[in-house]
Amino acid sequence: MNGCSLIVTKSPNENNFRVWHFPSPDSYKTAYKEFKKKFKGQIYRKIKYSDYGGDASKGEIDGVNYLYYNNSINKWELTCIPTKRIIETNPQKLALWIGNWTGKSNVPRFKRILNFLQPIE
């Protein structure tokens with residue numbers, strides 16, 4: 001992800017939940033506020049750019065974010081692995097790969113356990 005958010009919602013009295021991919025809440029502030037208003041009391045977890053973004057001048061602008069069911073604790077986890085985008089200019093290396101080069105970010109990775117008994121917003 002690059003500036004986006006993942007937001008987990010669950011309607012009252014339902015067994016299912018939904019994970020929303022929200023493009024750049026900083027760029028779509030009005031839409032994000034409307035989303036939060038619509039789902040007030042139903043937001044259980046989220047990952048935002050501020051969770052995985054770091055020093056943009058060092059390429060710390062991306063993150064691998066995913067939902068995972070942890071069998072060892074019988075709970076859902078929202079996990080974030082911040083990554084660092086590497087700008088490669090060496091033509092020999094560029095010829096080997098067409099895409100983004102990534103490396104380890106200084107932003108720490110984390111997991112957030114979903115607790116469907118307590119919404120966060």
For the range 18-32, enumerate the residues that are in a strand (DSSP E or B) and without any contact (Cβ under 8 Å) to a residue 24 or more places away in the chain.
-> 18, 20, 21, 22
Give, as residue ranges, the strands (runs of 3 or more DSSP E) completely inside the range 33-121 that count at least 2 residues that are surrounded by fewer than 18 Cβ atoms within 10 Å (Cβ to Cβ).
-> 62-70, 75-86, 101-104, 110-113
When restricted to 88, 77, 60, the only residue at pLDDT 90 or above and among the acidic types (Asp, Glu) is 77
Would you be able to say whether some residue in the range 9-17 is buried (at least 18 other Cβ atoms within 10 Å of the Cβ), within 27 Å of residue 108 (Cβ to Cβ) and either of a type in the set (Ser, Thr, Tyr) or in contact (Cβ under 8 Å) with a residue 12 or more places away in the chain (or both)?
-> yes
Would it be correct to say that residue 55 is more than 30 Å from residue 12 (Cα to Cα), in contact (Cβ under 8 Å) with a residue 40 or more places away in the chain and under 20 Å from the mean Cα position of the chain (by Cα)?
-> yes
What about residue 113, is it over 30 Å from residue 11 (Cβ atoms), of a type in the set (Val, Ile, Thr) and in contact (Cβ under 8 Å) with a residue 24 or more places away in the chain?
-> no
Filtered residue count, the range 79-110, keeping only those that are farther than 22 Å from residue 6 by Cβ and not small (Gly, Ala, Ser) = 13
Flag for residue 101 being at pLDDT below 90 and aromatic (Phe, Trp, Tyr) | yes
Mind checking whether some residue in the range 47-55 is out of contact with any Cys (no Cβ under 6 Å at 6 or more places or on another chain), over 15 Å from residue 2 (Cβ atoms), modelled with pLDDT of 85 or more and not aromatic (Phe, Trp, Tyr)?
-> no
Taking residue 88, is it of a type in the set (D, E, K, R) and under 18 Å from the mean Cα position of the chain (by Cα)?
-> no
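The values are calculated or read from the model by the stated rules, or taken from the named source; none is laboratory data. Just so you know, these numbers come straight off a predicted model, no measurement behind them. Cβ: placed from backbone, ideal geometry, glycine included. Neighbour counts: every protein chain shown.
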